[in-house]
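Report on the following structure.
The values are calculated or read from the model by the stated rules, or taken from the named source; none is laboratory data. Note that this is a predicted model, so its numbers are computed, not measured. FYI the Cβ positions are ideal-geometry reconstructions off the backbone, even for glycines, and counts take in every protein chain you see.
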Amino acid sequence: MKLALTLAAVIAFVGPVAAQENDAADFFRKDKNYWSRGLKAPAVIAYNEDIRHVRSISKRKQIVRRMVAHQARKKLGKRWVKSAVKIAYVESQFNPKAVGPRTRHGRARGVMQVMPKSARAMGFNPRRLNEAEYGIAAGIAHMRLCIQSGVRTDAEMSACHVAGTRGWAIRLRKRAQRYKRIYVAMVRRAPGYWD
C-alpha cells in the first residue's frame, strides 16, 4: 500500500512537469543533475553541449540546426540565416558526422560539407570538420568568403557553396554547370525553418 501511494505521488508530481519536457529521459536527467540538488535546470541548451550524449536523432538535428542559425546570425547577420540553414539541410540534414562521396578534391565533411582543401585554405583543420560546432564554423567562414566575392542573393550563395568563390558566377563545363543548377534548385526547395 505504501509503495502504491508513493508511486501515485510520483506520477502526480511528474505528470504536469513531464508534459512540459520533450521526453521522460530528459526529465529524469534534469532531475538527477539539477532539481535534486536544489538547482534550476538551464532554460536554453548551450551551444557547446556535447551532442553525442543526446539519444534522440530529431533532437540532435534540432540542436545542430540551432547552432547553424546562431553562428550564421552572429557572424554573417540575420539576412543569411535562412540560407545557411537550408544549405546545412541539403548538405547533411544537420548530421555533423556526414562524409561526402570521394571526389578528385577529397571528401567533403561535416554539417556544411566543407572540402578539406577549402578548410585548410581558411585556416581550419580538416580532421575536425566532423565536430558539430567546428564544422559549422568552417561552413560559415566559407559563406563569408562568398559574400566577399560578390554574392548578394540566396541563389548565388547556394551556387557559391557548391562551385566555390570563383565558380559561382561563371559558366562551368556542361556537367558541372548542370550540377550547380540542380543544387541551387534543391536548396531553394529545402525546408525554410530556422530560429
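Overview of values
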| quantity | calculated |
| --- | --- |
| Single match in 107, 79 (criterion: free of Cβ contacts under 8 Å to residues at least 60 places away in the same chain, over 20 Å from residue 158 (Cβ atoms) and over 14 Å from the mean Cα position of the chain (by Cα)) | 107 |
| Residues of the range 94-151 classified as among the aliphatic types (A, V, I, L, M) and in a helix (DSSP H, G or I), total | 11 |
| Hits in the range 101-116 - residues which are farther than 17 Å from residue 160 by Cα and surrounded by fewer than 14 Cβ atoms within 10 Å (Cβ to Cβ) | 101, 102, 103, 104 |
| Test: residue 150 is assigned by TED's automatic domain parsing to the domain that holds residue 71 and within 22 Å of residue 64 (Cβ to Cβ) | no |
| The range 169-192 residues that are within 11 Å of residue 155 (Cβ to Cβ), paired with ones that are not small (Gly, Ala, Ser) (beta carbon under 7 Å, 6 or more apart) | 180/162; 180/172; 183/162; 187/86; 187/87; 187/90 |
| Residues of the range 156-191 classified as under 13 Å from residue 89 (Cβ atoms) and surrounded by fewer than 13 Cβ atoms within 10 Å (Cβ to Cβ), total | 2 |
| Residue 128 being under 17 Å from residue 162 (Cα atoms) and either assigned by TED's automatic domain parsing to the domain that holds residue 165 or crowded, with 22+ Cβ neighbours inside 10 Å (or both) | no |
| Qualifying residue in the range 130-143 (condition: at pLDDT 95 or above and either β-branched (Val, Ile, Thr) or more than 19 Å from the chain's Cα centre (by Cα) (or both)) | yes |
